[in-house]
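Q: Below is the structure I would like to discuss, written out as structure tokens.
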Amino acid sequence: MSVSAEQVLKIAHLARLRINAEEVENYAQELSHIISLVEQMNTLSTEGVEPMAHPQDIAQRLREDVVTETNQRERFQGIAPRTEKGLYLVPKVIE
Amino acid sequence: MHELSVSQLALGLDKGEFSSVELTQHFVNRIREYKDLNAFITEMGERALAQASYADQLIKENRHGALTGIPLAHKDIFCARGVRTSCGSKTLDNFIAPYDATVVRKLDEAGCVVLGRTNMDEFAMGSSNESSYYGAVQNPWDAERVPGGSSGGSAAAVAARLTPLATGTDTGGSVRQPAALCGITGLKPTYGRVSRYGMVAFASSLDQAGVLGKSAADCAGLLHAMAGYDARDSTSVNRSVPDYTRLLNRPLAGTVVGVPEEYFGTGLDAGVKEVVGNAIEWFAQQDCEIRYIHLPNAQLAIPAYYVIAPAECCSNLARFDGVRYGHRCDAPKDLHDLYERSRSEGFGDEVKRRIMIGTYVLSAGYYDAYYLKAQQIRRLISNDFRRAFASVDVILGPTTPEAAFMIGEKTDDPVTMYLSDIYTISVNLAGLPAISVPCGSVSSPGCGDHRLPIGMQLTGDYFAEDKLLNFAHQYQQETAWHKECPPGF
């Protein structure tokens, strides 16, 4: 299946990536090429095969609901692009 | 000093033949001397010498372990507190990690000296180290060729004798493929053997930390120090870690080496085929039984991987939003603009491509056709291995279809680049351990009598790292391929 220019723009939006108009065609071609590689999967029938999400077929481990981390807000916010009074700053969301 | 094995270095330190400060200075000098390789993103000479001086103190007081005072290099993907952890990306060029990865902490506690942070493909996505924001790495065997990837800086640094040991990570071959192309030994452990805590995530069900060294014996000691259960990684397996070094010398006679027919078909370079054939012959001479086996779904590993890995990558990389850390664009006009521009400016082409594929295969209406189908094929690939290991001890084949390729040769065609991991990827899908071992060389086309190294891959059953290291060590006791140093180093 080939990926259209319109699909490229839709996927880019979903992925929060900005793709310039002159890049769209190139993306469409590359993604189509990769998707046709991926579609080699269709040469094999997998009916009834149980999907494998993970190398270890085990249930997720549970732990006691106890505090294991200490508050290190200042250290973590020390590497943030913009903070103020312990808050991360982003452009205004609500008018 | 740079030609000595890790156990020889430890003995030298123990006997006082040289100090860790002298040893460290030697490697710091070599890293500077061979800066053109571009194997390091960050050199940490000053900090390393301070660590070495502390290690010397421990040795003097007889409070040291097997790796105390031994220098190593970390792939720039393991968070280290106070150290820039770039992951080869512009996005994290300004990221000073606020905590230590478990691997980093364990090796610090073992007394290792960290020489620096090695170059890598951006977010470990690549097979040539060309996708790094910090530029391509040269292969020490031929400066015009790639070292492989994504742990290309680690492999080049070990091959050029700029460090005795290095850490790496392997999601689809990123330890084994560069080890093969640089003529060194590299092991990817069983999924869950080494903690992923603090290792920047690419594809979480495939990522595993690994080790690179000149020999299997060197790798054995490093793996022993890194492996083990970690409550902070929910997929870490609670299982005791054997003393790999003590298990290196078991005889191979009577063991069964499986050779998959599918790994020797079209696409394999004739020179590589011959060299790996010689290695099979060597094992036969040790009274191993050579059994030809089938991995019938092997050819679908790459298609399935390029659904699963990008799907997990696009989820993991959603965290880079320009808000909490990493690159942020200038003067965003609204929140959407902040996300889009920060991410588009911060990520390179290959990373964007994989995020796009991942988003596409997971988008509404496509889940069953791509993701579910890929997971079913993953099961079939895993079952093939399960069947094989019912009757063989290890599986032997080439690590890569060809020797190191030219810088720039495959950058215009992602699919061709992806095919360079054809023999390594299925191991990650199944979560098995595998090691790449130097087993010969081929002449480099157009370079006269210039030779390029070739690696064979030994794959084992779950948690059979001891067996892989044992097989590789026995081979290295009788052969000298792993001792070959690139000319000029």
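The values are calculated or read from the model by the stated rules, or taken from the named source; none is laboratory data. The structure displayed is predicted, hence computed values, not measured ones. All Cβ positions, glycine included, derive from the backbone under ideal geometry; neighbour counts span all protein chains shown.
Q: What number goes with the only condition from (1) surrounded by fewer than 22 Cβ atoms within 10 Å (Cβ to Cβ); (2) within 16 Å of the chain's Cα centre (by Cα); (3) not in a loop (DSSP other than H, G, I, E, B) that B:Gly168 does not pass?
A: Of (1) surrounded by fewer than 22 Cβ atoms within 10 Å (Cβ to Cβ); (2) within 16 Å of the chain's Cα centre (by Cα); (3) not in a loop (DSSP other than H, G, I, E, B), only one is false for B:Gly168: (1).
Q: Still on this structure: May I ask you to list the residues in the range B:282-303 that are facing chain A (nearest Cβ under 9 Å) and within 21 Å of the chain's Cα centre (by Cα)? I'd like the intermediate steps shown before the answer.
A: So in the range B:282-303, the residues facing chain A (nearest Cβ under 9 Å) come out as B:297, B:299-300, B:302-303.
Once the filter is applied, which keeps residues that are facing chain A (nearest Cβ under 9 Å) and within 21 Å of the chain's Cα centre (by Cα), the range B:282-303 yields only B:Ile302.
Q: Of the conditions (1) within 7 Å of chain B (Cβ to nearest Cβ); (2) closer than 23 Å to B:Cys313 by Cα, A:Thr46 satisfies every one except a single condition; which number is it?
A: Here A:Thr46 clears every test but (2).
Q: Does B:Ile425 satisfy the condition of being of a type in the set (Val, Ile, Thr), more than 24 Å from B:Lys214 (Cβ to Cβ), touching a Ser or Thr at 6+ places or on another chain (Cβ under 7 Å) and modelled with pLDDT of 95 or more?
A: no
Q: Picking from B:Val427, B:Val415, which residue would you name as being touching a His at 6+ places or on another chain (Cβ under 7 Å) and within 14 Å of chain A (Cβ to nearest Cβ)?
A: B:Val415
Q: Given B:Tyr263, B:Tyr244, B:Tyr229, B:Tyr292, which one is under 24 Å from B:Arg378 (Cβ atoms) and modelled with pLDDT of 95 or more?
A: Every option except B:Tyr263 fails the conditions.
Q: Among the residues of the range A:11-43, write down those that are more than 7 Å from every other protein chain (Cβ to nearest Cβ), among the polar types (S, T, N, Q) and either in a helix (DSSP H, G or I) or touching a Pro at 6+ places or on another chain (Cβ under 6 Å) (or both).
A: Hits for the range A:11-43 are A:Asn26, A:Gln29, A:Ser32, A:Ser36, A:Asn42, A:Thr43.
Q: Say whether the condition of being among the hydrophobic types (A, V, I, L, M, F, W, C) and in contact with a helix residue (DSSP H, G or I) (Cβ under 6 Å, 6 or more places away or on another chain) is met by at least one residue in the range A:73-92.
A: yes
Q: Here's another thing I want to ask about it. Tell me, please, whether a residue that is touching a Lys or Arg at 6+ places or on another chain (Cβ under 8 Å) and of a type in the set (Gly, Ala, Ser) can be found in the range B:53-75.
A: Checked the range B:53-75: at least one residue is touching a Lys or Arg at 6+ places or on another chain (Cβ under 8 Å) and of a type in the set (Gly, Ala, Ser).
Q: Looking only at the range B:433-489, how many residues end up being within 24 Å of B:Arg239 (Cβ to Cβ) and either surrounded by fewer than 17 Cβ atoms within 10 Å (Cβ to Cβ) or charged (D, E, K, R) (or both)?
A: Residues meeting the conditions: 4.
Q: Further question: Does B:Ala66 fit the bill of being surrounded by fewer than 19 Cβ atoms within 10 Å (Cβ to Cβ) and either in contact with a Phe, Trp or Tyr (Cβ under 6 Å, 6 or more places away or on another chain) or in contact (Cβ under 8 Å) with a residue 40 or more places away in the chain (or both)?
A: Criteria met by B:Ala66.
Q: Still on this structure, I have one more. Going through B:Ile395, B:Ile407 one at a time, which residue ends up being away from every other protein chain (no Cβ under 12 Å), touching a strand residue (DSSP E or B) at 6+ places or on another chain (Cβ under 6 Å), buried (at least 20 other Cβ atoms within 10 Å of the Cβ) and touching a residue at least 24 places away in the same chain (Cβ under 8 Å)?
A: Answer to the check: B:Ile395.
Q: Scan B:Leu458, B:Leu452, B:Leu432, B:Leu468 and give me the residue that is aliphatic (A, V, I, L, M), assigned to a loop (DSSP other than H, G, I, E, B) and at negative phi.
A: It is B:Leu432.
Q: Can you confirm whether B:Phe202 is within 16 Å of the chain's Cα centre (by Cα) and either farther than 22 Å from B:Thr169 by Cα or among the aromatic types (Phe, Trp, Tyr) (or both)? Walk me through it before giving the result.
A: On the way: within 16 Å of the chain's Cα centre (by Cα): yes; either farther than 22 Å from B:Thr169 by Cα or among the aromatic types (Phe, Trp, Tyr) (or both): yes.
Spelling it out, B:Phe202 is indeed within 16 Å of the chain's Cα centre (by Cα) and either farther than 22 Å from B:Thr169 by Cα or among the aromatic types (Phe, Trp, Tyr) (or both).
Q: Now for a different question. Only one of (1) over 27 Å from the mean Cα position of the chain (by Cα); (2) surrounded by 22 or more Cβ atoms within 10 Å (Cβ to Cβ); (3) outside any helix (DSSP H, G or I) fails for B:Lys373. Which number is that?
A: Tallying (1) over 27 Å from the mean Cα position of the chain (by Cα); (2) surrounded by 22 or more Cβ atoms within 10 Å (Cβ to Cβ); (3) outside any helix (DSSP H, G or I), B:Lys373 fails exactly one: (3).
Q: Given the conditions (1) assigned to a loop (DSSP other than H, G, I, E, B); (2) within 11 Å of the chain's Cα centre (by Cα); (3) at negative phi, and given that B:Pro178 satisfies all but one, which numbered condition is not satisfied?
A: (1)
Q: If a residue must be within 8 Å of chain B (Cβ to nearest Cβ), in a loop (DSSP other than H, G, I, E, B) and surrounded by 10 or more Cβ atoms within 10 Å (Cβ to Cβ), how many such residues does the range A:51-95 contain?
A: 15
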